[in-house]
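J.: To start, I am sharing the structure in question, which I have written as structure tokens.
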Amino acid sequence: MSEQIAATGKKVSDKDQINEFVTFFIEKQIFGIPVSDIHEVFHPQAITRVPLAPPEIRGVLNLRGRIVTAIEVRVKLNLPALEQGQQSLMAIGVEINGESYGLIIDRVGDVLQLPVSKSEVVPMNMDPVWQKFTSEIYRLEDQLLIILDIKRLLDFETKSEMAA
Amino acid sequence: MDDLLSDFLAETQESLEVVDAELVKFEQQPDDDETLNNIFRLVHTIKGTCGFLGLPRLEALAHAGETLLGKYRDKALIATPDTVTLILESIDKIKEILDYLTETQSEPEGGDEEIISKLVAASEGSMEDVAASEPDPKPELEPEIEEDVVGYDDDLDRELRPGEVSLADLEAAFMAADGPDLEQLAVEADEAIKQEAKKEAEQKEVKKSTEPLKIVQTVRVNVDSLEDLMAMVSELVLTRNQLLQTVRETSSDDLKLPLQRLSSVTAELQEGVMKTRMQPIGNAWKKLPRIVRDSAKAVNKKVQLNMKGEQTELDRQVLELIGDPLTHMVRNSCDHGLEPGDIRVAAGKQEAGQINLSAYHEGGHIVIEIADDGAGLPTSKIRSKAIKNGTISQAEADAMTDNQIHRLIFAAGLSTAAAVTSISGRGVGMDVVRSNIEQIGGTIDLKSVDGQGTTFKIKIPLTLAIVSALIVETRAGKFAIPQLAVVELVRTTLTGEHRIETISNARVLRLRDKLLPILDLSEITGEPAVQEEKAAGFVVVMTVGEQRFGVLVDSVFDTEEIVVKPMSDRLKSIDIFSGNTILGDGSVVMIVDPNGIARQVGSLNDIEQSSSRSENMAIDDESKTAMLLFFAGGKEPKAVPLSLVTRLEEIDPQKIEISNGRHLVQYRDTLMPLIHAGGAPSFNEKTPQPVLVFTENGRSVGLAVDEIVDIVEEVLHIEMADNAPEIIGSAVLKGKATEVLDVGHFLTLGFHDWFERAAADEETQEAAAKRVLLVDDNAFFRNMVKPLLSAAGYEVTAIESTSEAWELNEAGVEFDIIVSDIEMPDDNGVDFANRLSKDLRWSTVPRLALSALEQHDLEKIGATTAFTDVVRKSDRESLISTINYVLQLQGEAA
């Protein structure tokens, strides 16, 4: 399901529809992920650290009987990870290729319904790391909303690019 | 129609697999009517169903095949390898069409005229070789049913008429589709061969009675729904575990009973669902006869495949995963394992190579063995290949046993197809086979005997879904270790019975006279190494293949049935984990992959050799000696050289027996004398008695102590002590005056003839500070005499052979006295002494012989001029006094 939407994101915008995004914040920046990609928003608890795992993987946890891999979005975006215990963590649950991931973020924002007409291509001069994960940008009234492509964020589509 | 078609596809696939296997069997035993009937029936069913479903192309093919088979059945034609190949080809064609059908739900375009015409030609007997062999086939192949040929014409007619299958036949075919229904078969056969003799029917009856028919009603269930069911049961198991844990903590009695019931029902349900997923391993073997036949034909060998234990069941998921590795290995056995027929005959073997495939259950897993009686693995070729491509170094190769070399075929890089085929070794893709098997939590090992063949042993879990695992904790957190690989648990302490030692940065544990390489799970999982406190912990002893190693953990919890969940893609690259799971307390833990750990052990394989080497070095190098400190009767610490101690034990005081005034304990099936190091036999009465075990030549003596304190490595300066026979002297260890005990004294208390027995191997000593050169091939004796002589103020160089002595000679080393064993494996002490007496530099050095022989022998040796004097090995006092005396004489003479 999520695959389909990720793949057809462009088509939907061509038809000038309204897209729905769950927004969240990291530091002051607002990000969005298509609602259809998101399973749930939860407070991750009892995260088990996975030795030898890549730095952005905070660990694995049990979410109602499913094992969820917790990813530090901050680390992926080249920002320092939140100190543990600073506040209760927030995570956005997504599913890719049948696997569950929890994207750890600073805090969750509103669900926004945005017309495709407000969508912009990713500016060339954006931080290349961020650029890699950004699928499009929406103009909000007072700020810009970065729409993240979770597949790329989770390295499912960037391997070849990175190799190149 | 869709459902019907998919049922047809599933059924036909299965039938064709059977046909494949049966045809190969038939080819070998062309007179086996039952096999042929079975094949005929299956093909017939396929044909009938195709007609019913409107699949003309398949029908035509099946019909042509059936016609030929009918000829065989009616004894009108005799099967030849060529015609069987033809039928197999047509089966392959059918499979192709079926695959196409599966994808597109319709038959592919085109026709199969070529193969059909061949089949027709064959059934008309016009294939040259068929024709040649056809006319007079009866004598050897149809001894007792010659009269059946009467049916020939009828059947020929029948077979040649297209579409002749009666409705009754078709129905019968459908009815029979589920399995070998011999009654249907009989009906069918009766109709087909009208004149069939009663005799033959009787034969069938006989066969039937030996193989009773099982009529079990079955329902075809979608595999996915079974998977779903299994997943749900897994969740149930998890939830139950969680409940169990909660109830354990609250100790509420109200819940206990219902929970117990829930627990047992869950277990039964788990077992039940698991059973539905179980399939006989024979299903994975079905295609093997065909593969063996084809590859044998391709390399022009005769190969017989024997299968045993086809009924052994395992989870279908596992079954699917081992299919390919098995195929690969069997093909390998055919291609590379078995020699060509003429070579076999020359080697005194039967011409047909044997491949034995067997399966059986062992504990919670299934063991599959693939054995061939071929030439065995080409050890030297594998070795040179491995050295050439850098898998191992020359030095490593020299130190490896043949078996270790053989196992290199599992190493990646050694097994690129071209490379290995060119060395004519086996091992094409064996690394792939190994990784496939390891992926499902299995292990693979092999044993190859030159000239006798190679046996592969695969051990895999029955199911992948739920495994029993040991939950352990390290500095990095909790982990689950699958029980499959765990052999035992050993508790280690800094000073206790099991103590982890370090040899050139590698940790080892002495376990039952063997050194076990130890890995610290904390360090493997990336925790920084802790220098000091490896104080108390547990060693989980594991075996993977024939590799045995210990994994050090901080603590061990209980065993839990865990539901293995695959790791996220992002984590799969971490090869020390095979999955993760949710524990009863709801937390997630990683499951340790024993194979991943085994790879980390890797180079530690040779640890035994390197350890013995470094021990020797430690002795020769005058620097430090490891001493075991303990208390025994009195407040002063006592010590013995650690190198003499074979093992530390704690013995249950109940087991200490007294016989003839001596204390004994049953130890590894023999009686071991126990002597108390404190002198008086003040053995513990309630608490376990710590015992130092000394073993030599299969005999052990236990030295009981009050408490084992520590192991220190220090430069030993022993000061000779009073005349107490059990004490060599005293030394300062860890800043405290410590009595160094004379182990020999206690050993002779245990066995009076200890040193006579040990005498086969000895060493010489030379003191040179008197400098002593001690030559004795027995490490035990060297280790014992060296501190003794050191204590007596000599500078001792201990070596194990006379050749080393000559090396020292050439190096210009000087000694004041040479003490040499008389009996050594590589030299004779007397010859050595004779040569010494003629040596330019050492001829004047006094030579002392050590012997375990009786007094009159000693006198004989003493009478020769080779030695200055001779001393009995067991007599340590006179050894020192004799050395003193001889040196004194020497000094006077000088």
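Values quoted throughout were computed directly from the atomic coordinates according to the rules given, and no laboratory measurement underlies them. Fair warning: this is a prediction, and the values are worked out from it, not measured in the lab. Glycine gets a Cβ as well: all are built from the backbone with ideal geometry, and neighbour counts include every protein chain shown.
J.: Counting other beta carbons within 10 Å of each residue's own, what order do B:TRP806, B:TRP285 fall into, fewest first?
T.: B:TRP806, B:TRP285
J.: Could you work out the mean count of beta carbons from other protein chains within 10 Å of each residue's beta carbon in A:94-103? Don't skip to the answer; put the middle values down first.
T.: On the way: counts 0, 0, 3, 2, 2, 6, 1, 3, 0, 0.
Mean shielding count: 2.
J.: Continuing with the same structure: Compute the semi-axes of the equivalent ellipsoid of the stretch B:622-750, taking the square root of 5 times each eigenvalue of the Cα gyration tensor, and list them largest first in whole Å.
T.: Here the semi-axes work out to 25, 15, 14 Å.
J.: Moving on to the next point. How do B:PHE630, B:PHE694 line up, fewest other C-beta atoms within 10 Å first?
T.: Least crowded to most crowded, the residues run B:PHE694, B:PHE630.
J.: Hey, another quick one. To the nearest whole number, what is the average tally of beta carbon atoms from other chains within 10 Å of the beta carbons of peptide B:562-573?
T.: Numbers: counts 0, 1, 0, 4, 3, 6, 14, 9, 13, 8, 0, 3.
Mean shielding by partner chains, rounded to a whole number: 5.
J.: In the stretch B:20-34, whose amide N lies under 18 Å from the spot 7 Å out along Cα-to-Cβ of B:ASP82? List them in ranges.
T.: Backbone N within reach: B:27-28.
J.: Could you calculate the contour length gain from B:ALA267 to B:ASN300, that is, 0.36 nm times the residue separation minus the distance between their Cα atoms, to one decimal place in nm?
T.: Answer, rounded to one decimal: 6.6 nm.
J.: Please list 3J(HN,Hα) in residue order for the stretch B:4-9, calculated via the Karplus relation 6.51 cos²θ - 1.76 cosθ + 1.60 where θ = phi - 60°; whole Hz, with x for glycine and proline.
T.: 4, 5, 5, 4, 4, 4
J.: Then there is this: Given the stretch B:466-603, what count of lysine pairs have C-alpha atoms under 30 Å apart, with each pair 8 or more places apart or on different chains?
T.: 5
J.: While we're here: B:VAL120 label point, 7 Å along Cα→Cβ, cut-off 12 Å on backbone N: hits in the stretch B:72-114?
T.: Residues passing the 12 Å test: B:112-114.
J.: I've got another one for you. How far apart, in nanometres, would the label points at A:LEU140 and A:GLU40 be if each is projected 7 angstrom from Cα along the Cα-to-Cβ direction?
T.: 2.6
J.: Also, quick follow-up: Determine which residues of the stretch B:1-42 fall in the zone a paramagnetic label at B:GLU103 would reach in this model, i.e. backbone nitrogen under 11 Å from the point 7 Å along Cα→Cβ.
T.: What the label zone holds, given the 11 Å backbone N cut-off, is no residue at all.
J.: Just to verify a number: FRET efficiency for B:HIS745 and B:SER384, C-beta to C-beta distance, R0 = 51 Å, to 0.05?
T.: 0.45
J.: Continuing with the same structure: Looking at this model, which pairs from B:LYS118/B:LYS297; B:LYS686/B:LYS734; B:LYS655/B:LYS786 are more than 28 angstrom apart at the alpha-carbon?
T.: Too far apart for the 28 Å limit: B:LYS686/B:LYS734; B:LYS655/B:LYS786.
J.: Assuming 0.36 nm per residue, please report the length gained on full extension of the stretch B:GLU527 to B:GLU810 beyond their Cα-Cα distance.
T.: Numbers: separation 283, 0.36 × 283 = 101.88 nm, distance 5.03 nm.
Working it through step by step, the gained length comes to 96.9 nm.
J.: Right, something else. From other protein chains only, count the Cβ atoms within 10 Å of every residue's Cβ in A:45-56, then give the mean.
T.: 6
J.: Describe numerically, in nm with one decimal, the distance between label points set 7 Å from Cα along Cα→Cβ at A:ALA81 and at B:ALA231.
T.: Each label point is offset 7 Å from its Cα along the Cβ direction, giving 2.9 nm.
J.: Please compute the modelled spin-label separation between B:THR844 and A:GLU120, points set 7 Å along Cα→Cβ, answer in nm with one decimal.
T.: Label-label distance for A:GLU120 and B:THR844, simple model: 10.2 nm.
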